[in-house]
Amino acid sequence: MISISKLLCGQTAEGDGLRYDDPDADIEQIREEKQKRPVVVWNTTRRCNLYCEHCYAGADLDPAQGELSTAEAKGLIDDLADYDVPVLLFSGGEPLVREDLVELVDYATDRGIRSVLSTNGTLITEEKAQALKDAGLSYAGVSVDGLQERNDRFRGQDGAFEAAVRGIENCLSVDLKTGLRYTITEHNAADMEDVVDLLYDVGVDRFCFYHLDYGGRGGDIADADLDDEAQRRAVNRLFDMTREYHAEGEEIETLLVGNYADSAYVVEYAEKELGEEHAEDIHQYLRVNGGDPTGERVADVDYRGDVHLTQFWQSYSLGNVRDRPFGDIWDDEWNPLLARLREREKHLTGKCASCQYQDVCRGSSRLRALAGSGDLFGPDPQCYLTAEERGVSAEPAD
Amino acid sequence: MASDDDPRRKPRIDGSRQWEIFLRERSAEPMRHVGSVTAPSADIATEQATTLFDYAASALWLCPADEVRRLGGNDLAEKGRTESTGGAKTGVSQR
Ligand code: SF4
């Protein structure tokens, strides 16, 4: 997660310095020190009341076998607290279909874990928002993926857009910090700005933009991912828009998630628009931040307890929390895949191996690299940097 | 938990099968568990496991997760129940 508003406009968001990196937790990533424990995304359920095209969890309405019970979920939260996990992101499926959600948020808060929520927003009544807030929920990230027509098509249900906006309003009405989650694809890139304008009017001031990763149904629509030029346009537009809002005194928070080539690109942008010194400050800040967090600063536990390297990479599991406590699984670097991912700089091949921005990107998504070339340490096909920007004279033959 | 009710033996997403992966780096070493892959067929599971671990393995074994009888483990429910009633935590359950 790269905080564009902070890097380009110097915005200090609420909780800066206390927040942690997480590509999905909708919380600030930029810190002065490297984060030691992962933020954990927990897919509390596989059930969902919607059927989104890009869902990495492959969620649907059918009840899934093996979901953690309330008591088991509390046991998991105990294990996470014992391991000093700083943040637990309640995700899904749609976490609000779990009847014990408020109880579990309350339990995590009691155990000293910061609770945040990732939701489609459509089930958040004012009462539910109040109960979540009272239980200690710090933040709700609500997914909207376009203006009404496009969002509803994408989410597989008429009225989903209006219901999500109502959910956002209900959160804001009880003073629960709420932000947008928006997955950028070829289909909805054009709506991005209008959605920000519309939700800003509703009262939202935090906007997280996700690049598509190729897990779950996201893999089925990989063709809808933006090409290099379209990515550059969308990211540039986000940079410009953030600065325009700030220039008007409207301090929106904007974040980019899921493609760490953005870290490189924001340095390049700053060099052109804000000068060498500002660009170097940003570069230095991002060096601390550490690029793609897969297998290190972010972890995923799915609805049946399988631990994944990121929430998008559901096809491989390190182990199951019903077999071993989360911390034992996460610390087991005898697993050669985990060990190699944590020292990936030594193994990156192709254009990532010689890139001058490797220190702030770390090769970006290993899952997309696998999907693209079958090579775990090959280049991320969604890296849109030119050879010149990467600091090499010509494209390598990969 | 050794019965057919063990949730760890149930199919994962969309009925795809989960395959536990075991790896030996050198012939003098024991096989060790290195996680699992979920795939629609044994061939695809094999391909995935090979991509992820071939460089490190002198031998790789795959076993359907639903064929594994697991005794003991991390009894989350017991932990959660103990904690929620305010008692001391029990730690890892007995094997
Ligand atoms: S070439 Fe690789 S390391 Fe460099 S910006 Fe692109 S994805 Fe990141």
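The values are calculated or read from the model by the stated rules, or taken from the named source; none is laboratory data. Quantities reported herein were computed from a predicted structural model and do not represent experimental measurements. Glycine gets a Cβ as well: all are built from the backbone with ideal geometry, and neighbour counts include every protein chain shown. Accessible surface areas use protein heavy atoms only, side chains included; no ligands, DNA or RNA. Shrake-Rupley method; radii C 1.70, N 1.55, O 1.52, S 1.80 Å.
Things worth noting here:
- Share, in percent, of DSSP beta bridges within segment A:2-343 that are antiparallel, nearest 5: 15
- Estimated translational D of segment A:317-398 in µm²/s (Stokes, Kirkwood radius over Cα pairs; 10 °C; 1.306 mPa s): 113
- Take each residue in A:329-335, count the other chain C-beta atoms within 10 Å of its C-beta, and the mean is 3.
- Column: log10 I(q)/I(0), Debye, Cα scatterers of segment B:17-78, q = 0.24, 0.25 Å⁻¹: -0.97, -1.02
- Mean residue ellipticity, 222 nm, helices only, chain A: the sum of -39500 (n - 2.57) across DSSP H runs of n ≥ 4, divided by residue count and rounded to 500, is -11000 deg cm²/dmol.
- Inter-part distance where segment A:58-135 and segment A:226-303 are each reduced to a Cα centre, Å: 29
- Whole-percent carbon and sulfur share, accessible surface of segment A:2-343, 1.4 Å: 43
- Per residue, the Cα convex hull of chain A amounts to 123 Å³.
- Average beta-carbon neighbours from other chains, 10 Å sphere, peptide B:46-55: 3
- Helix screen, chain A: no DSSP H segment has Cα axial length of 30 Å or more and mean Kyte-Doolittle hydropathy at least -1.0.
- About its Cα centre, segment A:2-343 has a charge dipole of approximately 740 debye under the convention of +1 per Lys or Arg Cβ and -1 per Asp or Glu Cβ, with nothing else charged.
- Highest mean packing comes first when the peptides B:37-44, A:244-251, A:2-9 are listed by Cβ atoms within 10 Å, giving A:2-9, B:37-44, A:244-251.
- Listed peptides A:317-325, A:383-391 appear in the order A:317-325, A:383-391 once ranked by packing, highest mean of other Cβ atoms within 10 Å at the front.
- Most fluctuating residue given options A:Ser118, A:Ser315, A:Ser138, as computed from a GNM of chain A linking Cα atoms under 10 Å: A:Ser315
- Cα-based convex hull volume of segment A:203-359 per residue, rounded to whole Å³: 162
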